[in-house]
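A short worksheet on the structure shown next.
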Amino acid sequence: MTDLPACRRATWADLDAWTGTLAAKVRAAGRTPEVIVGLTRGGWVPARLVADHLGVKRLLALQTAHWGVTATKDGHAALTERLSGSIDAATVLLVDDITDTGESLALAADHVRAEGRPARLETATCLHITHSKFAPDYFAEEVPADRWVWVVFPWTYWEDLRALTARALPEGRDAAGVTRVLREKCHLDVPPVDVERALRQTATSTAK
Ligand code: AMP
């Protein structure tokens with residue numbers, strides 16, 4: 001991906017709408033699961049919100065890693081934490097935030113099938129980019145491949161801002177300039193005070 005990617009900031013209102021849509025689709029299909037598995041880190045909050053919408057009490061986690069640094073892929077997706085509990089032939093919905101390459105969700109679905117032996121396994125994501133090699137059973141919004149963006153979710157705001165401000169610093173030179181570069185190159189409108197904080201955090205952590 002480009003060094004300074006086009007971005008879209010997702011709000012909590014977006015999350016509420018996306019997870020509400022997912023729950024409505026699952027309900028309409030008559031497939032409310034007994035267990036929800038959140039694919040962390042990105043699917044953790046969506047999984048909890050979908051569980052709330054559907055009234056599902058059993059919530060498990062498993063972790064994969066793929067995009068180590070904002071908008072930068074680390075080779076292939078890898079499983080980093082196994083399924084956190086037993087599934088015991090229950091019906092399962094595996095939830096993530098977004099399918100981009102689709103590798104993480106495909107890997108996680110294989111792992112849940114092999115490890116948990118569910119009675120039924122379905123998958124759901126808030127956003128689905130059309131070039132993904134794995135299509136979830138349910139998604140709330142489809143993003144055409146030629147409109148690819150890096151989505152800045154509420155739970156990656158500071159992580160993304162630290163990565164993007166560091167990359168924009170050579171061109172922007174100071175916080176005001178970086179704020180402008182983020183707006184013009186990433187279509188990301190963030191307060192200068194947040195840019196200053198992100199730059200400070202990066203400087204402090206690299207000085208250690
Ligand atoms: P992938 O294996 O490429 O489908 O993506 C794995 C994970 O990386 C997703 O669940 C997200 O947490 C993150 N991710 C991938 N692409 C994006 C994107 N375009 N915007 C925000 N997060 C992304």
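The values are calculated or read from the model by the stated rules, or taken from the named source; none is laboratory data. Since we're looking at a predicted model, the values are computed, not measured. Here Cβ is always computed from backbone atoms with ideal geometry, including for glycine, and neighbour counts include all displayed protein chains. SASA here: full protein model, heavy atoms, side chains in, ligands and nucleic acids out. Shrake-Rupley method; radii C 1.70, N 1.55, O 1.52, S 1.80 Å.
Worth a mention:
- For the range 1-53 versus the range 127-178, the gap between their alpha-carbon centres in whole angstrom: 16 Å
- Inter-probe distance in nm under a simple model that places probes 7 Å from Cα toward Cβ, at D174 and K133: 4.8 nm
- In sequence order, the range 74-80 has phi-based couplings of 9, x, 9, 5, 10, 7, 10 Hz under the Karplus curve 6.51 cos²θ - 1.76 cosθ + 1.60, θ = phi - 60°, and Gly or Pro positions carry x.
- Using the Cβ-Cβ distance between R113 and E142 with R0 set to 30 Å, the FRET efficiency from 1/(1 + (r/R0)^6) comes to roughly 0.75.
- Considering only the chain, percent of DSSP beta bridges that pair antiparallel, nearest 5: 15 percent
- Amide H contacts under 5 Å for W150: A6, C7, R8, restricted to partners 5 or more places along the chain or on a different chain, H placed in the peptide plane at 1.01 Å from N.
- R8 versus V69: modelled label distance in nm, points set 7 Å from Cα along the beta carbon direction: 2.5 nm
- When nucleic acids and ligands are ignored and a 1.4 Å probe is applied, W18 ends up with an accessible area of around 20 Å².
- In the chain, the DSSP-assigned H stretches of four residues or longer account for a calculated mean residue ellipticity at 222 nm of -13500 deg cm²/dmol, using -39500 (n - 2.57) per stretch and the full residue count as denominator.
- Here the translational diffusion coefficient of the chain follows from Stokes-Einstein with Rh set to the Kirkwood radius across Cα pairs; for 20 °C and 1.002 mPa s it amounts to 120 µm²/s.
- Anisotropy class of the range 47-134 from Cα gyration tensor, a/c 1.5 cut: prolate
- Rough spin-label spacing in nm, given labels placed 7 Å along Cα→Cβ, for R197 and E159: 1.8 nm
- Average accessible area per residue (Å²) across the range 1-160 - probe 1.4 Å, nucleic acids and ligands excluded: 46 Å²
- Dimensionless Rg over Rh [the range 153-202; C-alpha; Kirkwood]: 0.91
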